[in-house]
Amino acid sequence: MEKPVDRKAEASVEDAVQQCGDDVVSPARRRFLASGAAAGGTTLVSGFPFIARARAADKPLSGTTLNVSCWSAPYPKYLADYIPEFEQATGAKVNYETPSFPIYNQRIDVELSTKGTAYDVLNITFIYAGRWIGAGWFEPLDGYMNDPKKTPADWIPNDFLGGTTASMKDKNGRLYGIPWIADVIMSGAARADLIHKAGKRMPETFDEVGTVMKAVHNQDGIPGFIIDNHYGWTWIPWLQGFGGNVFRDPPGDLMPTLDTPEAIAAADFFANLLTSYGPNGVISYTYDQVVAALKQGRANWSPNNETFLVQMGAADSKVASTCDFALFPAGPKGRFPAVSTHAWGIPVGSKNKDAAWEFIKWAMSKEMVGRMVREKGYTSITRRSLIEQADFKQKLMINGRDVAKIYLDTVELGASGYMKYRTVPVYPQVDKEIDIAIQNVASKQMSAKEAMQKAQANAVTQLRRSGIKL
Amino acid sequence: MAASTGSAGRAWNRSHAFALGLAPALVVLAAITLGPAIYLVVTSLTPLNLVDPKSALDFSHPLGNYRDALTDSRFLNSVWVQAKLSVATVVLQLAAGLAVALLLNAHSRVLEAIRTAFLIPMVLPPIVVAVIWKVIYTPDVSPLHRALAAIGLPLGSLITNAGTAIWAIVVAETWEWFPFTMLMTLAALQMIPNDPLEAAAIDGANRWQLFRYIVLPYVRPTLVVCGLFRLIDSIKAFPLIYVLTNGGPGTATEVTNYYGFVQAFNFSYWGYGSAIATMMVAGVFLLSLLVGRLDRGVGNRD
């Protein structure tokens with residue numbers, strides 16, 4: 001692991017040297033002075049006011065406090081470890097928080113609506129992107145990215161995958177968020193050995209999912225299927241695979257289409273997977289529970305986020321040697337793996353917009369993301385140049401499976417536009433109705449038809465309440 | 001005449017002095033309680049949606065949210081779920097609280113220690129209680145599920161079964177709050193004089209008759225007040241539902257305040273959420289009036 005550089009100490013000494021008028025300091029002497037300062041820098045600086053002044057001049061964000069928030073996910077957690085380096089290099093103080101996904105969204109939705117000044121850098125959540133960007137609650141970033149004084153060319157603004165930046169643009173093409181994740185759904189098996197033992201392969205189609213589940217369910221006492229209970233995310237690829245969609249023609253026509261024959265068939269199929277092959281209480285499983293169950297070999301196959309699934313290959317996983325991965329299976333009407341992205345943005349109320357951009361630029365620089373890949377094992381990256389590097393591909397070669405290729409193929413599939421349903425301002429309302437409908441079917445309170453008809457009626461009510469004309 | 005005028009003047013000055021002294025406290029109280037309550041009611045008369053801040057001033061259909069609520073099947077279901085949850089938790093809390101209080105109504109150091117231990121659930125932060133029960137109700141990590149499976153009685157998940165989810169919450173809520181009734185009832189039990197108990201015992205009354213005809217009449221007023229307080233508090237049940245079931249499966253445990261929360265915080269429908277909250281405030285206010293009247297009734301009988 002690369003050791004963090006004590007930039008504060010280095011800068012202080014160099015400044016001090018210049019202040020003393022010593023223009024001919026050799027590199028070796030500088031290094032010597034730097035290492036001396038690392039040991040006793042604090043005393044030195046506090047004892048000589050001119051050194052402190054010099055340090056402040058070299059740290060452009062001295063005295064600036066940045067309030068940064070993002071929902072709790074691997075990348076923002078990893079980033080927390082590097083933030084002291086940013087503070088040392090720039091002099092800024094960063095207040096950083098990572099609440100859970102629903103808490104983050106609720107808190108920030110209210111904060112943004114007031115155009116408050118509490119935050120300087122915020123995550124733009126995918127399902128809220130349409131609402132937050134459409135309402136003018138985030139600052140366009142093109143001005144920062146296209147200004148060479150603010151963004152050097154070697155930061156490579158156009159390095160980010162097109163499939164990830166598309167949802168962060170408004171209708172005029174202005175960009176509001178720098179994507180830190182491409183969250184793609186693929187499929188992963190914790191115990192692929194059981195699938196192979198049953199004479200099957202990783203399921204490629206919905207039909208094969210059914211036959212594989214029958215073959216491996218309860219083998220070695222392990223449930224065949226597991227998925228987290230955010231069905232407004234995890235069920236949609238099945239819906240689209242059956243030929244259905246959430247809305248009639250998003251984003252223009254937002255009439256919900258949850259009661260179509262395709263939607264009912266998808267709900268029935270999916271709920272059957274949950275009830276027939278899922279673990280006890282599967283509809284209460286959150287994503288962290290799913291990851292834990294997969295890593296411990298307490299469940300087998302899951303169509304889930306790449307971020308979660310690749311953790312099966314980590315050193316602390318009990319299934320590191322038996323896991324396998326594949327594209328999300330194709331339904332009768334095609335393959336529609338979900339692709340979403342989350343991005344750093346600057347709320348319009350921020351009083352420190354330039355400093356906020358410095359933070360985003362640092363957090364999403366090729367160097368920083370590359371370090372996260374090398375040092376933390378982060379793999380859901382959005383910079384094409386890093387994805388195409390040999391060491392990244394090697395890192396995502398798990399048990400002989402090229403997961404990087406699955407990842408890129410999925411992102412490219414997502415760019416075809418079937419994810420438009422998700423970034424409309426009213427998706428959170430429909431998302432909740434879908435959660436309820438699938439739970440109603442899986443808990444056998446209603447048939448798929450009844451549940452989806454009820455979801456349709458409730459979704460229409462919710463959308464009308466928002467003022468949308470249907 | 002002059003004396004009476006002087007006395008009236010002093011009384012007037014005194015009452016004004018009291019009013020002046022009270023004024024700062026009343027102003028603060030009004031600002032922190034009445035102000036938000038009035039804002040809540042005013043907001044409930046608008047279709048306020050955070051995405052459209054101008055809707056905060058749209059009073060064109062002031063009763064629109066209330067009309068919507070009366071035809072909103074999820075809202076009506078939430079009221080029904082709330083009623084079931086409230087009645088079940090209050091009845092169980094009173095029964096458990098009274099039973100434990102009767103068991104602990106004696107002077108002994110051991111019993112005092114046990115009494116203190118029973119108070120722990122009530123003083124725990126509600127979110128901690130919710131997490132404890134989340135562990136108990138999650139089959140793959142639950143000691144309860146593992147123990148039952150070990151003796152050949154595997155149990156399906158209680159919080160994902162529509163028939164048992166509400167009862168799972170009732171049990172957790174009862175565990176958390178029965179100590180309140182226990183504490184109040186224990187205090188009432190310790191106030192019962194010995195004379196009537198001894199007289200009845202001499203007359204040949206058995207334990208049940210002592211309880212039925214002497215103890216229960218003494219503690220009944222306390223139980224009534226406890227019941228009403230818990231009833232009001234049960235309407236505010238939130239952390240358990242948020243952590244354990246999120247209102248599910250489906251809407252099986254979606255109580256009214258959780259539904260209002262979803263409308264306001266998930267969907268940004270603050271006008272509609274405020275209307276739901278206003279109706280809840282009105283309900284709680286009516287219950288509070290009832291508590292006050294019963295309390296006065298009990299006081300008069302005393």
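The values are calculated or read from the model by the stated rules, or taken from the named source; none is laboratory data. Remember, predicted model here, so these are calculated numbers, not experimental data. Please note: Cβ atoms are built from the backbone with ideal geometry, for glycine as well, and neighbour counts cover all protein chains shown. We work out accessible area using only protein heavy atoms, side chains counted, and drop any ligands, DNA or RNA first. Shrake-Rupley method; radii C 1.70, N 1.55, O 1.52, S 1.80 Å.
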Below 20 Å, Cα to Cα, which aspartates and glutamates can B:Lys84 reach? Residues fewer than 8 away in the same chain don't count.
B:Asp72, B:Glu173, B:Glu176, B:Asp233, B:Glu254
Pull up the cross-link candidates among the lysines for A:Lys197, meaning alpha carbon to alpha carbon under 21 Å and not fewer than 8 places away within one chain.
A:Lys214, A:Lys295, A:Lys318
Grab the DSSP H runs of the protein assembly as shown that are 4 residues or longer, score each as -39,500 (n - 2.57), total them, divide by all residues and round the 222 nm result to the nearest 500 deg cm²/dmol.
-17000 deg cm²/dmol
Compute the distance in nm between two label points, each set 7 Å from the Cα along the Cα-to-Cβ direction, one at A:Lys366 and one at A:Asp409.
2.7
Considering only protein heavy atoms and a 1.4 Å probe, what is the carbon-and-sulfur percentage of the accessible area of chain B?
72
In segment A:214-272, taking the dipole from +1 charges on Lys and Arg beta carbons and -1 charges on Asp and Glu beta carbons about the Cα centre, the listed residue (A:Phe242, A:Ile227, A:Pro261) farthest towards the positive end is A:Ile227
Expressed in angstrom and rounded, the centroid-to-centroid distance over alpha carbons for segment A:134-148 and segment A:198-227 is 47
To the nearest 20 debye, what charge dipole does segment A:344-470 have about its Cα centre, counting +1 at the Cβ of each Lys and Arg and -1 at the Cβ of each Asp and Glu?
240
Can you work out D for the protein assembly as shown in µm² s⁻¹ from Stokes-Einstein, where Rh is the Kirkwood radius over C-alpha pairs, the temperature is 37 °C and the viscosity is 0.692 mPa s?
108
Based only on Cα atoms, what Rg/Rh ratio does segment A:152-277 have, Rh being taken as Kirkwood's radius?
1.09
With the dipole of chain A defined by +1 on each Lys or Arg Cβ and -1 on each Asp or Glu Cβ, the option from A:Pro203, A:Tyr128, A:Gly313 whose Cα lies farthest towards the positive pole is A:Tyr128
Arrange the residues A:Thr461, B:Thr185 by how much accessible surface each exposes, largest first, with a 1.4 angstrom probe.
A:Thr461, B:Thr185
Could you state the per residue volume, in Å³, of the convex hull enclosing the Cα atoms of segment B:65-301?
159
Would you mind calculating the gained length between A:Ala315 and A:Ile103 on full extension (0.36 nm times residue separation, minus the Cα-Cα distance), in nm to one decimal?
73.3 nm
Under the Karplus relation 6.51 cos²θ - 1.76 cosθ + 1.60, θ = phi - 60°, what is the ordered set of whole-Hz ³J(HN,Hα) values for segment B:60-67, x standing for Gly and Pro?
5, 10, x, 9, x, 5, 5, 5
Rounded to the nearest 20 debye, what is the charge dipole size of segment B:65-301 about its Cα centre when +1 sits on each Lys and Arg Cβ and -1 on each Asp and Glu Cβ?
140
Would you work out the Kirkwood radius for segment B:81-196? I mean one over the mean of 1/r across all pairs of different Cα atoms, in Å.
16.0
Short version: ³J(HN,Hα) in whole Hz for each residue of segment B:83-92, in order, from phi by Karplus 6.51 cos²θ - 1.76 cosθ + 1.60 (θ = phi - 60°), x for Gly and Pro, what are they?
4, 4, 4, 5, 4, 5, 5, 5, 4, 5
Set A:Lys150/A:Lys361; A:Lys200/A:Lys333; A:Lys361/A:Lys405; A:Lys366/A:Lys405; A:Lys171/A:Lys420; A:Lys115/A:Lys150 screened for pairs whose C-alpha atoms are more than 18 Å apart
A:Lys200/A:Lys333; A:Lys361/A:Lys405; A:Lys366/A:Lys405; A:Lys115/A:Lys150
Can you give me the Cα centroid spacing of segment A:275-331 and segment A:57-76 in angstrom?
33
Compute the orientation-averaged projected area for segment A:295-406 from the convex hull of its Cα atoms and round it to one decimal in nm².
9.8
Nearest-ten-degree value, helix A:206-216 long axis tilted from longest Cα axis of chain A:
90
Rolling a 1.4 Å sphere over the protein heavy atoms, what is the accessible area per residue of the protein assembly as shown, to the nearest Å²?
45
Distance between Cα centroids, segment B:185-214 to segment B:12-89: provide it in whole Å.
47
Chain pair A, B: how much accessible area is buried, both chains summed, with a 1.4 Å probe, in Å² to 100?
2700
Can you run the Rg to Rh ratio on segment A:278-341? Use alpha carbon positions and the Kirkwood inverse-distance Rh.
0.99
